[in-house]
Amino acid sequence: MQITPSALRALSQGFQAAFLAGIGAVASQRNLVAMEVQSKTKIENYAWMKDLPGMREWIGDRIINNLEATNYQLVNKHFENTIGVDRDDIEDDALGIYRNRFSMQGEVAAQHKDSLVWQVLLAAFATLGLDGQYFFDTDHVGYDASGNEIAYSNTGGGSSAPWFLMDLSRTYMKPLVMQQRQEVRFAALDKDTDENVVMKRQFIYGADARYNVGLGFHQLAYGSKATLDAAAFVAAKTAMGTQRRPDGSSMNVMPTHLLVGPSNEAAARAVIGVQQLANGATNPWYNNVEIKVIPALG
């Protein structure tokens, strides 16, 4: 291939098309558990997410819910993946394998956000959330039916493979946050006069983006490393469903999904995936929530 500006433009367009095809081939699961927040700055503060919002009867003056001071901030991070194409391969028209590589690059870029979401979720047992407690902890601030402050636990303890019960029914409120600053873009250093070409005979094509993943509403998630059985499932479901606001009203949290890794899939299906128990009795939890098997959860 003769290297000309028009040939290089066509080549870059072809690589970008392969990259975009790779992105389009990925079925993301992150939106199930993470709400997307558009970011306009380097750092975002999430004081506004400390509590699940609720309505109250309007008696007397309005009660103004001011943003409370919180140290929970999420800094956007830079991510990249870069491929170098040797000048000789272009001149010799040996480019077939590169198109596959750029499609793979697109898949890697599209999968990365999901990967980051599951990393953050797995680390949430030892990561501080919006209320200053570990996201999965035994002593979050909760309330009883009279509005008295009590300790609320959204974890079952244990040391085995983790599993998570979540209320994912809400459109704008999720357990995690996907903070988006800059979508993945495709860029190239592909002019014949670029330093990388002159000095190293290498044309460079890269993907880059800015975003980060953080913790959201702990009230919508229960995490456990205890053995997943019917008793543990009921305890988690009961804890989530009996949460109340400061006025004693229900938060109306209703678990919808059970997230497990492959090692807990059989246990999950034994708890809620069979109609009849081993003793012949009807399983009261059959299809009570939807099972999602996430390989990254182990």
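One decimal place: the segment ASP88-ASP247 gains 50.1 nm when fully extended, by the rule 0.36 nm per residue minus the C-alpha distance.
Comparing segment 124-264 with the 2.2 N^0.38 Å rule of thumb, its C-alpha radius of gyration ratio is 1.53 (two decimals). Each Lys and Arg adds +1 at its Cβ and each Asp and Glu adds -1 at its Cβ; summed about the Cα centre, the chain shows a dipole of about 320 debye. Going by accessible surface with a 1.4 Å probe and the largest first, MET199, MET254, MET178 read MET199, MET254, MET178.
How large is the accessible surface per residue of the chain, computed with a 1.4 Å probe and reported in Å² as a whole number? Heavy-atom accessible area per residue stands at 53 Å². Each principal axis of the Cα atoms in segment 188-256 has its own extent, and those three values, largest first, are 69, 33, 16 angstrom. Measuring nothing but protein heavy atoms, the accessible surface of the chain at 1.4 Å probe radius is 51 percent carbon and sulfur. The gain in end-to-end length when the GLU183 to LYS225 segment is fully stretched comes to 11.7 nm, 0.36 nm per residue minus the alpha carbon separation. Look at where the Cα atoms of segment 74-124 and of segment 241-255 average out, and the two centres are 43 Å apart.
Working from Cα pairs under 8 Å separated by at least six residues, relative contact order for the chain is 22 percent. The GLN133 and ASN45 beta-carbon pair, evaluated with R₀ = 25 Å, returns a calculated FRET efficiency of approximately 0.90. The magnitude of the dipole of segment 98-156, with charges of +1 and -1 set on the Cβ of Lys/Arg and Asp/Glu and taken from the Cα centre, is near 660 debye.
Under a Gaussian network description of the chain, with springs only between Cα atoms under 10 Å, the residue in LEU168, LEU74, LEU11 that fluctuates furthest is LEU11. Scaling the Cα radius of gyration of the chain by the globular reference 2.2 N^0.38 Å produces a ratio of 1.28. Projected over every direction and averaged, the convex hull enclosing the alpha-carbon atoms of segment 209-298 yields 8.1 nm². Toward the positive end of the charge dipole of the chain, with +1 on the Cβ of Lys and Arg and -1 on the Cβ of Asp and Glu, the farthest Cα among ALA230, ALA21, TRP285 is that of TRP285. Over segment 96-176, how many percent of alpha carbon pairs lie in each 10 Å bin up to the one with the longest distance? Pairs per bin, as whole percents: 14, 33, 27, 14, 8, 3, 1. Taking the chain as a Gaussian network of alpha-carbon nodes connected by springs under 10 Å, the highest mean-square fluctuation of the residues GLU265, GLU91, GLU36 belongs to GLU91.
For segment 222-275, taking the reciprocal of the average inverse distance between every pair of different Cα atoms yields a Kirkwood hydrodynamic radius of 12.4 Å.
The values are calculated or read from the model by the stated rules, or taken from the named source; none is laboratory data. Everything numeric in this text was worked out from a predicted model, so none of it was measured. Quick reminder, even Gly has a Cβ in these numbers, built from the backbone with ideal geometry, and neighbours come from all protein chains shown. Heavy atoms of the whole protein, side chains included, go into the accessibility calculation; ligands, DNA and RNA do not. Shrake-Rupley method; radii C 1.70, N 1.55, O 1.52, S 1.80 Å.
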